[in-house]
Amino acid sequence: MSQGKILWADDEIDMLKAHIIFLTQKGYECECVTNGMDAIDACKSSHFDIVFLDENMPGMSGLEALQQIKEIDPTVPIVMITKSEEEDIMNEAIGKKIADYLIKPVNPNQILLSLKKNIKGKEIINTVTTDAYRSEFTKISMQINESSSFDDYAELYRRLVYWELQLSDSAVDMDEILRMQKDEANSAFVKYVKKNYESWFGENTDRPLMSQDVMKKKILPLLDNGEKVFFIVFDNFRFDQWRIIRELLSKDFLCEEEGLYCSMLPTSTQYSRNAIFSGLLPLQIKQLYPQFWIDESDEESKNQYESELIGTFFERYRKKYTYSYNKINDSGAATKYVSELKKLKDKDLNVVVFNFVDMLSHARTDSKMIRELAATDAAYRSLTETWFKHSAIKEFFTALKELDCKVVLTTDHGTIHVRNAIKVIGDKNTNANLRYKVGKNLDYNAKEVLAIKKPELVGLPSPNISSAYIFATNDDFFAYPNNYNYYVQYYKNTFQHGGVSLEEMMLPIVTMKKL
């Protein structure tokens with residue numbers, strides 16, 4: 001069985017017979033030519049798995065042939081071989097996207113390594129990655145069983161996301177196994193939250209960093225230290241999405257991940273983001289600043305007073321810091337904001353909320369086309385990466401690195417791919433969210449949800465005296481018995497938030513500074 005088809009172009013090809021024999025014995029098919037024109041003709045008449053191209057041939061140079069071969073077959077990997085070590089030749093070859101660069105004299109093992117990297121590379125990576133995950137599977141299972149604190153589950157989630165990213169690019173056949181292990185981890189995390197969540201709101205409690213702590217613990221110390229701070233909040237942004245974006249930002253910024261923090265419940269913008277900016281729980285906002293709290297039943301936007309809530313935070317801590325607040329919903333607004341950055345550099349704090357990821361999540365629910373584009377978690381991450389690369393957000397970060405400031409990036413909550421509908425009954429005033437419900441006389445299966453019957457104990461307001469909150473867990477979502485089939489068909493396999501899961505509650509918080 002052939003290991004691959006090679007085209008080798010070199011005007012001294014007769015001196016390479018030993019290499020050709022070595023490769024033939026290894027199972028490769030080799031076709032040899034002595035000049036650039038013959039190499040181009042060969043590529044027109046046949047497809048090769050790789051091309052070895054001598055840079056210094058009489059007539060057409062290797063670099064000239066490279067350009068034309070790429071026009072014929074853009075996907076074929078080309079390895080440039082040369083006697084020259086001149087930097088400008090290397091730069092030109094690399095600029096034309098060669099797969100490898102070898103200096104003569106080359107030995108057979110160098111050639112074999114280049115072949116494995118460029119022809120067998122993905123297959124080798126798949127095999128190694130799959131084997132590595134198999135060896136980790138038992139360790140992760142033990143970690144799930146032994147986790148007993150928020151930090152334990154944060155470390156577990158980081159480990160699962162690491163393997164999710166590794167396997168999504170290599171070993172498709174392992175995806176289902178990883179998903180089952182992630183479901184197991186979520187089930188254990190749900191039990192942990194059910195057991196401990198209410199206790200996090202008592203006095204002198206040992207609890208994780210939560211939404212209402214972010215301004216006090218992560219932003220205020222920087223300001224008190226004399227730093228100029230840009231506080232960036234991506235609405236509805238998961239840890240795995242951050243890990244994808246981090247790769248793009250790390251070229252310009254040193255990104256210091258400060259662990260994962262915990263979103264309060266409900267994991268939705270109205271509650272968690274208002275808590276972030278105010279430094280208060282929702283019940284406290286309603287009690288202290290009723291003019292800035294919008295109830296579930298009200299038609300108004302639930303986050304229209306975020307700038308004012310930031311002001312109340314500074315007032316309570318008796319700080320005179322200057323700040324700006326901007327919400328960016330599209331590339332046009334982002335471009336305009338970039339043009340105004342220099343005017344804002346003297347502010348102590350600049351808060352920027354990017355809504356695109358949340359809009360993408362909702363669009364995926366409502367649009368069949370977006371559903372197809374983001375049918376899986378991996379595709380959803382890919383769509384996020386594409387947005388970042390080609391939107392004005394990247395331009396924003398490019399401009400931001402020129403300013404002398406600290407950057408703190410985080411999110412208000414994550415989102416989960418829901419698959420299983422569970423029935424709930426509520427009156428007409430019950431809210432519409434698929435991952436949490438608040439209302440009176442809710443009818444549900446207690447084993448399937450996290451129920452908070454005394455909302456005030458966890459800092460949540462009650463629309464009525466008898467109101468309770470229930471939260472969907474794992475990958476469940478709520479559906480009403482009437483029109484049940486419609487709900488199941490329309491919302492199954494969408495991304496939702498508001499409930500209890502690793503994806504929704506375990507959130508990145510990152511301090512960035514330019515390199």
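The values are calculated or read from the model by the stated rules, or taken from the named source; none is laboratory data. The structure presented is a predicted model; accordingly, all values stated were derived computationally and were not measured. Here the Cβ positions follow ideal geometry from the backbone for every residue, glycine too, while neighbour counts run over all protein chains shown. Keep in mind that these areas ignore ligands, DNA and RNA; they rest on the heavy atoms of the full protein, side chains included. Shrake-Rupley method; radii C 1.70, N 1.55, O 1.52, S 1.80 Å.
Tabulated results
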{"quantity": "Matching option when the condition is under 23 Å from the mean Cα position of the chain (by Cα) and within 20 Å of M505 (Cα to Cα), among D252, D240, D206", "calculated": "D240"}
{"quantity": "Hits in region 285-314 - residues which are aromatic (F, W, Y) and assigned to a loop (DSSP other than H, G, I, E, B)", "calculated": "Y289, W293, Y305"}
{"quantity": "Check on S148, of a type outside the set (D, E, K, R), over 22 Å from the mean Cα position of the chain (by Cα) and open to solvent by 80 Å² or more (accessible area, probe 1.4 Å)", "calculated": "yes"}
{"quantity": "Matching residues in region 201-233 - criterion: being hydrophobic (A, V, I, L, M, F, W, C) and at pLDDT below 95", "calculated": "F201"}
{"quantity": "Count of residues meeting criterion [closer than 25 Å to K191 by Cβ and open to solvent by 10 Å² or more (accessible area, probe 1.4 Å)] in region 494-515", "calculated": "3"}
{"quantity": "Selection status of E308, over 30 Å from D427 (Cα atoms) and either small (G, A, S) or open to solvent by 10 Å² or more (accessible area, probe 1.4 Å) (or both)", "calculated": "yes"}
{"quantity": "Close pairs from region 142-164: first of a type outside the set (V, I, T), partner surrounded by fewer than 19 Cβ atoms within 10 Å (Cβ to Cβ) and part of a helix (DSSP H, G or I), Cβ under 6 Å, at least 6 apart", "calculated": "L156/Q143"}
{"quantity": "Matching residues, region 477-493, being within 21 Å of V438 (Cα to Cα) and either open to solvent by less than 20 Å² (accessible area, probe 1.4 Å) or aromatic (F, W, Y) (or both)", "calculated": "F477, F478, A479, Y480, Y484, Y487, Y491"}
{"quantity": "Members of region 431-455 found to be acidic (D, E) and either at pLDDT below 95 or in contact with a Gly (Cβ under 6 Å, 6 or more places away or on another chain) (or both), listed by number", "calculated": "D443"}
{"quantity": "Residue ID - nearest to the chain's Cα centre (by Cα), chosen from residues in region 1-60 that are open to solvent by 30 Å² or more (accessible area, probe 1.4 Å) and acidic (D, E)", "calculated": "D49"}
{"quantity": "Residue that is touching a residue at least 12 places away in the same chain (Cβ under 8 Å), surrounded by fewer than 21 Cβ atoms within 10 Å (Cβ to Cβ), out of contact with any helix residue (DSSP H, G or I) (no Cβ under 6 Å at 6 or more places or on another chain) and within 21 Å of S211 (Cα to Cα), where the choices are A472, A451", "calculated": "A451"}
{"quantity": "Region 315-330, subset assigned to a loop (DSSP other than H, G, I, E, B) and free of Cβ contacts under 8 Å to residues at least 40 places away in the same chain, residue surrounded by the most Cβ atoms within 10 Å (Cβ to Cβ)", "calculated": "N329"}
{"quantity": "Set D49, D41: member being farther than 15 Å from L112 by Cα and among the charged types (D, E, K, R)", "calculated": "D41"}
{"quantity": "Strands (runs of 3 or more DSSP E) enclosed by region 393-495 - at least 1 residues per element that are among the small types (G, A, S)", "calculated": "420-423, 436-439, 449-452, 468-472, 476-479"}
{"quantity": "Residues (under 19 Å from F201 (Cβ atoms) and either among the polar types (S, T, N, Q) or free of Cβ contacts under 8 Å to residues at least 12 places away in the same chain (or both)) located in region 262-314", "calculated": "S263, T267, S268, Q270, S272, N274, S278, Q284, Q287"}
{"quantity": "Selection count, region 22-38, where residues are closer than 11 Å to L112 by Cα and of a type in the set (D, E, K, R)", "calculated": "1"}
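Here is a yes/no grid of residues against (1) touching a strand residue (DSSP E or B) at 6+ places or on another chain (Cβ under 7 Å); (2) within 22 Å of P481 (Cβ to Cβ); (3) without any contact (Cβ under 8 Å) to a residue 12 or more places away in the chain; (4) surrounded by 15 or more Cβ atoms within 10 Å (Cβ to Cβ):
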| residue | (1), (2), (3), (4) |
| --- | --- |
| A421 | yes, yes, no, yes |
| V424 | yes, yes, no, yes |
| N429 | yes, yes, no, no |
| V438 | yes, yes, no, yes |
| D443 | yes, yes, no, no |
| P463 | yes, no, no, yes |
| S467 | yes, yes, no, yes |
